1. At what distance in nm do the modelled label points of ARG245 and ASP232 sit from each other, each positioned 7 Å from its Cα along Cα→Cβ?
2. What is the local net charge at ARG87, summed over the other residues whose Cβ is closer than 13 Å to its Cβ (Lys, Arg +1; Asp, Glu -1)?
3. May I ask for the net charge around MET102, where only other residues with Cβ less than 13 Å from the Cβ of MET102 are counted and Lys, Arg are +1 while Asp, Glu are -1?
4. Calculate one ³J(HN,Hα) per residue across the stretch 182-196 by plugging θ = phi - 60° into the Karplus curve 6.51 cos²θ - 1.76 cosθ + 1.60, and present them in order as whole Hz with x for glycine and proline.
5. Straight-line reach from LYS178: which lysines fall under 22 Å, measuring Cα to Cα and dropping same-chain residues less than 8 apart?
6. If the only charges are +1 at each Lys and Arg Cβ and -1 at each Asp and Glu Cβ, what is the size of the charge dipole of the stretch 88-128 around the Cα centre, to the nearest 20 debye?
7. What is the gain in length, in nm to one decimal, between ASP324 and SER397 on full extension, counting 0.36 nm per residue of separation less the C-alpha to C-alpha distance?
8. How big is the charge dipole of the stretch 169-239 about its Cα centre, in debye rounded to the nearest 20, if each Lys and Arg gets +1 on its Cβ and each Asp and Glu gets -1 on its Cβ?
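Laboratory data are not the source of any read-out in this text; all were calculated from the coordinates shown. Everything quoted here is computed from the prediction, not taken from an experiment. So basically every Cβ, Gly included, is an ideal-geometry build from the backbone, and we count neighbours across all protein chains shown.
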Amino acid sequence: CSAFGSNAMKPSISCLKQLRGGSEGITPKNVPAMDSIGDIFSNKIYFPNLNEASISENESSNEEISQNVQFYSQCELPTIKGNFKLRIYRQMTNEGKVVEIMVVLSGNVFDGEEVALRVHDQCVTSEVLGSMRCDCKQQLEKSFEYIKQNKGIIIYMPQEGRGIGLGNKIAAYDLQDKGLDTVDANRYLGFMDDHRSYEAVTFILNDLGVRSVKILTNNPFKISCLKSLGIDIRSRVPVMIPPNRHSRRYLEAKFSRMRHFCVDTEKVQAVDTSEESENYAFGKESVVSAIQAIKDGKLVVVTDDENRENEGDLICAGSKACVDNMAFMIKYTSGVICVSMEESRLEQLNLPPMVLNNEDPKATAFTVTVDLKNGISTGISARDRSATILALSNPSSKAGDFNRPGHIFPLKYASGGVLERAGHTEAAVDLAKLANLHPVGVLCEITTKDGKDMARLPELLEFCEVI
């Protein structure tokens with residue numbers, strides 16, 4: 001079971017006046033051989049001054065820096081993710097070097113209000129080499145999906161390793177392998193927590209005629225930078241990626257030390273069951289919260305194991321299946337609303353198995369479908385389905401109160417619940433029982449935004465955060 005929320009937190013530092021470092025002009029300090037954290041902190045460590053940079057000073061340099069950015073070229077860009085337009089901008093750095101910035105466009109964003117915008121910083125290790133130490137590649141892929149569906153812009157900034165360059169980033173990785181987190185590794189090498197600069201974004205958005213944006217990010221530092229540059233940010237779209245066993249410490253540091261809006265790693269624990277598989281356990285707290293939510297008549301998201309269906313269902317108690325709950329469930333799911341019930345109750349209502357030979361891969365025990373006989377119209381609306389489910393949940397209802405077939409799909413609950421069969425069918429009734437409600441549960445699978453596939457854990461995390 002899952003319950004997620006975002007904690008609004010202020011960034012710890014403001015946008016830097018100038019980009020310090022990059023792939024040129026920085027030499028890592030000599031990193032001594034270290035066997036433990038004790039060895040690291042027994043050496044003298046250089047911690048640079050981390051006082052906040054002045055936003056007002058930064059604003060004074062915006063015009064000068066923006067004049068060093070120019071549109072250079074563009075083309076159509078067919079990709080495996082869809083068809084986009086690619087524009088290249090060139091920026092002259094203070095050192096006289098030319099930096100090329102890629103801008104990917106989806107749909108008509110020109111002269112737009114509240115245009116979806118992802119300002120993404122280069123990460124060769126994940127995006128090219130497939131490293132699992134961070135979530136950069138997954139965030140980029142989710143951003144492509146989002147702008148494809150909603151139209152928008154991805155500005156791809158060549159700022160590897162939060163602006164310290166690839167070589168220094170690898171040196172920081174080595175320090176992380178020895179026990180430091182991503183923040184202390186930067187500081188040990190003599191860098192600040194973040195060396196990225198976003199002045200070019202202002203010129204690019206002005207060039208495209210974009211007046212306001214909704215930003216795809218989990219990073220409050222980036223939001224602060226862009227706002228200080230005069231960019232009108234109307235809203236934030238989270239790009240939540242659950243941790244794997246390799247990225248967990250990195251995401252923990254982003255959450256606790258850099259104040260990112262991340263998946264709470266205390267709630268999403270990576271479980272190392274194999275080298276090939278990433279499994280997650282949400283813990284007792286989420287179950288206790290879900291029981292209370294069910295009791296209060298709310299909907300919860302329940303996920304099963306990735307090696308089973310690897311899906312998430314919206315679930316509520318049958319006795320709490322109000323019209324609003326049904327309308328919400330129909331909107332965000334496949335629409336095949338199922339009602340899990342104990343075998344004895346199914347027999348009382350004369351609801352036999354749908355087929356004698358069940359060939360379902362997970363042995364989901366469908367019965368004949370039903371609609372309430374009186375008081376509804378066609379049976380398909382949220383109001384009609386609510387009425388049918390409430391009748392199924394009413395202990396005084398009789399077999400003759402229902403027509404067969406119908407639009408509601410009863411399921412037979414396995415005696416013993418999730419301890420006997422680890423399915424959503426059993427979870428729905430178990431939650432109702434634990435909430436001291438009649439043992440009837442309503443469930444339906446959550447789909448992706450386009451409805452083309454079932455939502456997996458990353459999409460489900462985002463669903464719980466946004467909806």
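1. Result: 5.0 nm between the two label points.
2. On the way: positive: LYS85, ARG90; negative: GLU76, GLU100, ASP207.
That sum, taken over residues with Cβ under 13 Å, equals -1.
3. Details: positive: LYS85, ARG87, ARG90, ARG118; negative: GLU100, ASP121, GLU127.
Every neighbour counted, the sum reads +1.
4. Computed from phi, the couplings for the stretch 182-196 are 5, 6, 5, 5, 4, 5, 4, 7, x, 9, 7, 5, 8, 10, 7 Hz.
5. Straight-line reach from LYS178, under 22 Å: LYS29, LYS44, LYS169, LYS254.
6. Numbers: 3 positive and 7 negative charges, 39 e Å.
In total the dipole reaches around 180 debye.
7. Residue separation times 0.36 nm, minus the Cα-Cα distance, leaves 24.0 nm.
8. Working: 10 positive and 9 negative charges, 76 e Å.
Computed about the Cα centre, the dipole is about 360 debye.
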